[in-house]
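**Student:** Got a structure for you, questions after.
The values are calculated or read from the model by the stated rules, or taken from the named source; none is laboratory data. Since the structure is predicted, the reported quantities are computational estimates derived from the model, not experimental observations. In this analysis, Cβ positions are derived from the backbone assuming ideal geometry, glycine residues included, and neighbour counts consider all displayed protein chains. Please note that ligands, DNA and RNA were not included when accessible areas were found on the heavy atoms of the full protein model with its side chains. Shrake-Rupley method; radii C 1.70, N 1.55, O 1.52, S 1.80 Å.
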Amino acid sequence: PNLTQLEEPTITLMLISPDTGKQEAQVISYSLQKYRIFGETIDIAVGNCLDRFARIIKLSNEPSPGYNIEQMAKKGKKLVDLPYVVKGMDVSFSGILSAIQTIAKEQLPKGECTAEDLCYSLQETIFAMLIETTERAMAHCGQKEVLIVGGVGCNVHLQDMMRKMVEERGGTLFATDDRYCIDNGAMIAWAGLCMHKAGISAPLSETTCTQRFRTDEVLVEWRD
């Protein structure tokens, strides 16, 4: 089941897409039966930002907006200046989305930039912010290994950028493809199996779902 052969401890960049649209990017590490959050999104999610931009430039949802942005970005040649907002260890994407929406409306019709340029610029800016906060967490914890998980973590360019930073620090990056990055029942089943083996259970009648459970609120009783 350990596809990456990764051994704890590590720094994890978690790029999930909850229905709340918030706190989707989190830099976390495990310690004392909890996953500690070092930094996170303070407004809209990374995936939400990419999806909304894809609608602005009328990209298809097939196979996914993020994938289509990634492919168009490969053809971009001009780096358009966008807001770079890192506040301590947290990141903000709402200003970037507003800015690129204005640029698309004003500059695309005039030919001052292309949709490919905007895809390229958006990726470079957002990913650089995520890598900066991840690098800070590595330095703070003295870690040498980084794991990327979640839907946006499928992006090969993000993985390449992160790998360059991690290797410059003498570390190793671990990532998987879209079979395991996107939502799937296997990750839920595996967590349940770990809990069961640790003797943690509850009657079905007492089982509930907490949709907005923060990562650092969960007591990880099945780990040392």
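**Student:** Somewhere in region 106-118, is a residue closer than 27 Å to D178 by Cβ, at pLDDT 95 or above and among the hydrophobic types (A, V, I, L, M, F, W, C)?
**Tutor:** yes
**Student:** Might you check whether a residue that is modelled with pLDDT of 90 or more and closer than 23 Å to D177 by Cα occurs anywhere in region 3-19?
**Tutor:** no
**Student:** Which condition breaks for K74 when tested against (1) modelled with pLDDT of 95 or more; (2) open to solvent by less than 30 Å² (accessible area, probe 1.4 Å)?
**Tutor:** With respect to (1) modelled with pLDDT of 95 or more; (2) open to solvent by less than 30 Å² (accessible area, probe 1.4 Å), K74 is out only on (2).
**Student:** Using the structure shown, decide if E132 is of a type in the set (D, E, K, R), modelled with pLDDT of 95 or more and touching a strand residue (DSSP E or B) at 6+ places or on another chain (Cβ under 7 Å).
**Tutor:** Yes.
**Student:** Exactly one condition in (1) within 17 Å of L82 (Cα to Cα); (2) touching a residue at least 60 places away in the same chain (Cβ under 8 Å) is not met by E112; state its number.
**Tutor:** (2)
**Student:** Another question about this same structure. For region 75-104, enumerate the residues that are within 30 Å of I37 (Cα to Cα), in a helix (DSSP H, G or I) and touching a residue at least 24 places away in the same chain (Cβ under 8 Å).
**Tutor:** S94, I96, L97, I100
**Student:** Please specify each residue of region 83-119 satisfying the condition of being under 15 Å from V46 (Cα atoms) and touching a helix residue (DSSP H, G or I) at 6+ places or on another chain (Cβ under 7 Å).
**Tutor:** P83, Y84, V85, V86, V91, F93, I96, L97, I100, C119, listed by residue number.
**Student:** Name the residue, out of T176, T133, T125, that is closer than 23 Å to G88 by Cα and in contact (Cβ under 8 Å) with a residue 60 or more places away in the chain.
**Tutor:** Selected residue: T133, the only one of T176, T133, T125 that is closer than 23 Å to G88 by Cα and in contact (Cβ under 8 Å) with a residue 60 or more places away in the chain.
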